Amino acid sequence: MTDDNLVAVGYDAVYDAIPHSPTFRSLWAEHASGDGYPPEYDSISFVTATEMRAIARDLALPAGGTLVDLACGAGGPGLWLASLTGASLAGVDISGVAVARARARAAAVAATSATFVQGSFAATGLATGAADGVVSSDALQYAPDKAAAFAEAARVLRPGGRLAFTAFEVEPDRVAGLPVLGDDPCADFRPLLEANGFSTTQYDETPGWHARVAAAYGAVLAAADVLTDELGAPAYLAMASEMTLTQQLGIYRRRVLAVAERV
Ligand SMILES: C[S@@+](CC[C@H](N)C(=O)[O-])C[C@H]1O[C@@H](n2cnc3c(N)ncnc32)[C@H](O)[C@@H]1O
């Protein structure tokens, strides 16, 4: 199985399981998303309400513009941004189950213009130059070819359009040999942005990320019994082993929020 397929199958299991786990959703809301994050737009990332409002502002979308969410997952962050900005949304994720969940969420929140397709960072299938903004929350660290991912983001963006993302920089020597995170480790996204059609205008470590990751992972690992019951053993074990490995090896260098303009 290729790493892309491995990732899709793994995330399919996670997105299948999460709707059955009120405990996971409440632990994540408390420790990862934090105060003020609306539950109808929940995520499996570490984006906060403060970050989302900053991203909505920094994307500077024109009225009625088009926003692309790369690795959109079950659609929460992208749909919230669409509702904050009035943009039309196109979400892309490698997991077919995530795409199905995102479509269902769009219907549940009565999104007026939102589409979701299965695709990868490097091959979204979206039209060239059609997007006014691109966003991605806590997923680019998984891109197996980060130059290709940024080149694809640049292709779908119109000149002057902005890319805003949160992502984890990793420690390359600590992920060497690991699947997915070790495929194309990146300790600083800026050179890749600059080499692939972007001018970086903002690049900051996000405050409190380390404590939130430790608290969220710690809470999930401490609730093994109830989460195994609610999520099912395969999904819980996959999730718990990634969390344990990430913490034990100290894989994450920093979590950053970046804004870059398509030149
Ligand atoms: C941590 S989740 C974040 C999902 C979503 N952005 C959120 O905030 O809830 C990472 C997402 O990246 C997606 N993903 C991983 N590798 C990918 C790839 N090569 N191309 C597209 N999506 C990918 C996964 O399916 C998953 O939905």
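In table form, for the structure just shown:
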| quantity | calculated |
| --- | --- |
| Solvent-accessible area of residue 83 with every protein chain in place, 1.4 Å probe, in Å² to the nearest 10 | 70 |
| Accessible surface of the chain, 1.4 Å probe, proportion on carbon and sulfur as whole % | 56 |
| Three-way shape call for segment 61-201 based on the alpha-carbon gyration tensor, with the a/c threshold at 1.5 | oblate |
| Cα-centre dipole for segment 38-142 with unit charges at Cβ (Lys and Arg positive, Asp and Glu negative), debye to 20 | 180 |
| Convex hull volume per residue for the chain, taking Cα atoms only, in Å³ | 109 |
| Dipole magnitude of the chain about its Cα centre (Cβ charges: Lys, Arg +1; Asp, Glu -1), debye to nearest 20 | 660 |
| Residue 59 - accessible surface, heavy atoms, 1.4 Å probe, Å² rounded to 10 | 0 |
| Centroid-to-centroid separation of segment 140-180 and segment 95-134 [C-alpha atoms, Å] | 18 |
| Anisotropy class of segment 1-137 from Cα gyration tensor, a/c 1.5 cut | oblate |
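The values are calculated or read from the model by the stated rules, or taken from the named source; none is laboratory data. Note that the structure is a prediction, hence the values are computed from the model and not measured. Backbone-built Cβ (ideal geometry, glycine too); neighbour counts: all protein chains shown. Surface accessibility is based on the protein's heavy atoms, side chains included, excluding ligands, DNA and RNA. Shrake-Rupley method; radii C 1.70, N 1.55, O 1.52, S 1.80 Å.
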